[in-house]
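Data block below; observations after.
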Amino acid sequence: MRHLACRTMLAAGLLAAAYAHADYTPPAAVAQSAVGAYEAGRLDEAAQLFERAARAGNRLAQYNLAMMLFRKEAVEREPDAAWRWLRRAAGAGLAQAQFNFALLYDHGSGVAQSLTTAAEWYRRAAEQGHTEAQVNLATMYFVGQGVPKDSAEAARWYLAAARAGHVGAQYIVASMYESGEGVAPDAAQAERWYAQAALQGDPAARAKYEELRARHDGTGQ
């Protein structure tokens, strides 16, 4: 009888586990449902679903919940919840979260300003190919804020953003090649990057490109 009771309890346990498994929804699916609720304007439902997925470790849900809290689209029931969820998403390696976390410290938005902390998180996002983070990190190196002034390092990050199509970075890279700041002077590279920026509609880049072409052709004054 004792063995029969044990088998019965075991069967009941397995049945309960099977029902629990059937009710389980993957965090990514919960986060996707939250996106649907958000887009439909059901903000309370979206916040609840994002939080459910965030607590299960979904970094996109952590980021989206943080953004809802920052925008006052959801009630912050715990102190610094927006900061903590953004920090978790950034720590989990989400590049956009790392960039936004850097922005907080860059501008001192709701936190004590720390350019060193901002540079650290810009770097993490930049290393993952986040273009705006690359530009911001490059600028910090260019002016020496949060990091030591280093024109070569600035050029490296501006060039990464330029290659990704950032028009402002393309213009800056062109000017650095033209002046030889942070890179070896190279008129051909300057011309190339001014041309790239000009193709994206930058009128100043077009003027510089035409100036360099005229100089190269010997028609400049």
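When ligands, DNA and RNA are left out and all protein chains stay put, how many square angstrom of accessible area per residue does the chain have with a 1.4 Å probe? Walk me through the numbers before you get to the answer.
Values: 12460 Å² over 221 residues.
Spelled out: the 1.4 Å probe surface of the chain, per residue, equals 56 Å².
Please report, in Å, the Rg and the Dmax of the chain, where both are computed over Cα atoms only.
Looking at the chain, its Cα Rg and Dmax stand at 25.9, 107 Å.
Over the chain, what is the mean sequence separation of C-alpha contacts under 8 Å (at least six apart), divided by residue count, expressed as relative contact order in percent? Mind showing how you got there, number by number?
Values: 297 pairs, mean separation 17.2, N = 221.
Result for the chain is 8 percent.
Calculated from DSSP H runs of 4 or more alone, at -39500 (n - 2.57) each and per residue, what is the 222 nm mean residue ellipticity of the chain, nearest 500? Each step should come with its number before you reach the end.
Working: 12 runs with 164 residues, N = 221.
One gets -24000 deg cm²/dmol as the mean residue ellipticity at 222 nm.
Give me Rg over Rh for region 55-182, both radii from the alpha carbons and Rh done the Kirkwood way, two decimal places. Write down the numbers at each step before the final one.
Numbers: Rg = 16.0 Å, Rh = 15.2 Å.
The Rg/Rh ratio comes out at 1.05.
Quick one: with all protein chains in place, what share of the accessible area of the chain is carbon or sulfur, to the nearest percent (1.4 Å probe)? Walk me through the numbers on the way to the answer.
On the way: 6780 of 12460 Å².
Taking all protein chains in place, the chain shows 54 percent carbon and sulfur surface.
If packing is taken as the mean number of other Cβ atoms within 10 Å per residue, what is the order of 148-156, 90-98, highest first? Working shown, then result.
Values: 148-156: 15.8, 90-98: 20.0.
Ranked from most to least packed, the peptides come out as 90-98, 148-156.
The values are calculated or read from the model by the stated rules, or taken from the named source; none is laboratory data. Nothing here was measured: the structure is a model prediction, and the numbers come from that model. Methodologically, a virtual Cβ is constructed for each residue, glycine included, from the backbone with ideal geometry; neighbour enumeration extends over all protein chains shown. These area figures cover heavy atoms from the full protein model, side chains too; ligands, DNA and RNA do not enter into them. Shrake-Rupley method; radii C 1.70, N 1.55, O 1.52, S 1.80 Å.
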